[in-house]
1. Can you tell me how many residues within the range 45-70 are at negative phi, in contact with a strand residue (DSSP E or B) (Cβ under 9 Å, 6 or more places away or on another chain) and surrounded by 14 or more Cβ atoms within 10 Å (Cβ to Cβ)?
2. Mind counting the residues in the range 1-28 that are surrounded by fewer than 15 Cβ atoms within 10 Å (Cβ to Cβ) and in contact with a Phe, Trp or Tyr (Cβ under 8 Å, 6 or more places away or on another chain)?
Amino acid sequence: MNELNLFERINKGLDEVRPFLNEDGGDVTFVKVTSDFDLVLRFEGACRTCEVNQMTLKNGIEESIKKHAPEIKSIKSI
């Protein structure tokens, strides 16, 4: 899996959680990775106003992304 570039591996992690977000009318969009390997994402649709989106970020999205891209240090949403 390391042969894939970072962007592809991040998207692979996002693709694992997207079906669950889509099921509730939401989604998440890749925004950027900083030079310090901090990942910035944007919640879309119903996820933007969901009261538990930060829990989803930590317990679902972060776990999935770090499985595919362990060099990512932190993940935050804007």
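Readers should treat all values here as calculations from the given coordinates under stated rules, not as data from a laboratory. Because the structure is a prediction, the values reported are computed rather than measured. As a convention, Cβ positions derive from the backbone with ideal geometry for all residues, glycine included, and neighbour counts pool all protein chains shown.
1. Applying the first criterion (at negative phi) to the range 45-70 yields 46-70.
Of the ones still in play, those that are also in contact with a strand residue (DSSP E or B) (Cβ under 9 Å, 6 or more places away or on another chain) are 46-50, 53-54, 56-58, 61-62, 65-66, 69.
With surrounded by 14 or more Cβ atoms within 10 Å (Cβ to Cβ) added as a condition, the list becomes 46-47, 50, 53, 56-57, 61-62, 65-66, 69.
Residues flagged as at negative phi, in contact with a strand residue (DSSP E or B) (Cβ under 9 Å, 6 or more places away or on another chain) and surrounded by 14 or more Cβ atoms within 10 Å (Cβ to Cβ) within the range 45-70 amount to 11.
2. Summing the residues that are surrounded by fewer than 15 Cβ atoms within 10 Å (Cβ to Cβ) and in contact with a Phe, Trp or Tyr (Cβ under 8 Å, 6 or more places away or on another chain) in the range 1-28 gives 1.
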